[in-house]
1. Give me the Kirkwood hydrodynamic radius of the range 156-275, using the inverse of the mean 1/r over all pairs of distinct Cα atoms, in Å to one decimal.
2. Can you pull the one-decimal nm distance between simple spin-label points at residue 131 and residue 114, each 7 Å off the Cα toward Cβ?
3. Given the convex hull of the Cα atoms of the range 81-210, what is a quarter of its surface area in nm²?
4. On a full-extension model of 0.36 nm per residue, what is the gain between residue 289 and residue 71, subtracting their alpha-carbon distance, rounded to one decimal in nm?
5. Between residue 124 and residue 58, what's the calculated FRET efficiency when r is the beta-carbon distance and R0 is 30 Å? Round to 0.05.
6. How large is the convex hull of the Cα atoms of the range 215-308 per residue, expressed in Å³ as a whole number?
7. Rank by packing, highest mean first: peptides 76-84, 117-125, with packing defined as the count of other Cβ atoms within 10 Å averaged across residues.
8. Looking at the square roots a ≥ b ≥ c of the eigenvalues of the Cα gyration tensor of the range 135-184, which shape do they give, rounded for a/c under 1.5, prolate if a/b is larger than b/c, or oblate?
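Rule-based calculations on the coordinates, nothing more; no lab input. All figures in this text were calculated on a predicted structure; none of them were measured in a lab. Here the Cβ is made from the backbone with ideal geometry for all residues, glycine too, and neighbour counts use every protein chain on show.
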């Protein structure tokens, strides 16, 4: 699925915040907050489940949400370089006083330098069998990402720094205190970006870096519990991957999950190459696009075995 991102200073927090969200093409006004979480699925949650089931079916009928990794689509060194530069070193969202607004801007390279410990949290609405499936899928994907990047990344509830919440409409709207405790200092608009997430946003992740270092220290991802199986798995792939430092999307990135066209549901071969570039020891957090480009070009040539 496609994704977007931004990084801006949080002022007195001396931190940077990146937003990456999986969006449908047409924005829909956010639902009104509901303070009480019902024991059974609310009408709102049932309606959301019906809606996203229809979205998945429509996309599949159009040949979208591919799971083949981009088989048969060639990726040249030039293509890989340009796609990496656009996805890793640009943000699609700009932080404004009322929250995030969509405006692409050049940024700096961001990634984790400390070991990543992922905690998976479920709302009470998610049944135990579904929780077990989701936990197994995220655990397997985290292990795959660790292998691709060479960076320490595990599912570990002991002192986690990367949180994945799978929650219903009502549970998400009540997440404000949890968000504030996990990412302290967010503005009300930032928090509302999660609690009042519009229907057009399938899932999202916020990540924070200390000062202007570009080194992430904490991330918070939200996935809708109402999603059907493939949309749900797609959100897991995209948000966890984006939380590693690939926050933007580009209409030219193909094959890739970092594209709003929804052609690919799961991490592709090119996405794996972008992750390996991102975590190459030849790069460092905080690099500008100009500093990173020659190194990225060299890495891309080595990975693809060509110049064009």
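1. Working: mean 1/r = 0.0658 Å⁻¹.
Computed over the range 156-275, the radius equals 15.2 Å.
2. So the two model labels end up 2.7 nm from each other.
3. Mean projected area for the range 81-210: 9.3 nm², to one decimal.
4. Values: separation 218, 0.36 × 218 = 78.48 nm, distance 2.93 nm.
Residue separation times 0.36 nm, minus the Cα-Cα distance, leaves 75.5 nm.
5. On the way: r = 30 Å, r/R0 = 1.00.
Here the calculated transfer efficiency is 0.50.
6. Taking only Cα atoms, the range 215-308 has a hull volume of 108 Å³ per residue.
7. Working: 76-84: 20.1, 117-125: 18.4.
So the peptides 76-84, 117-125, ranked by packing, come out 76-84, 117-125.
8. The shape class here is prolate.
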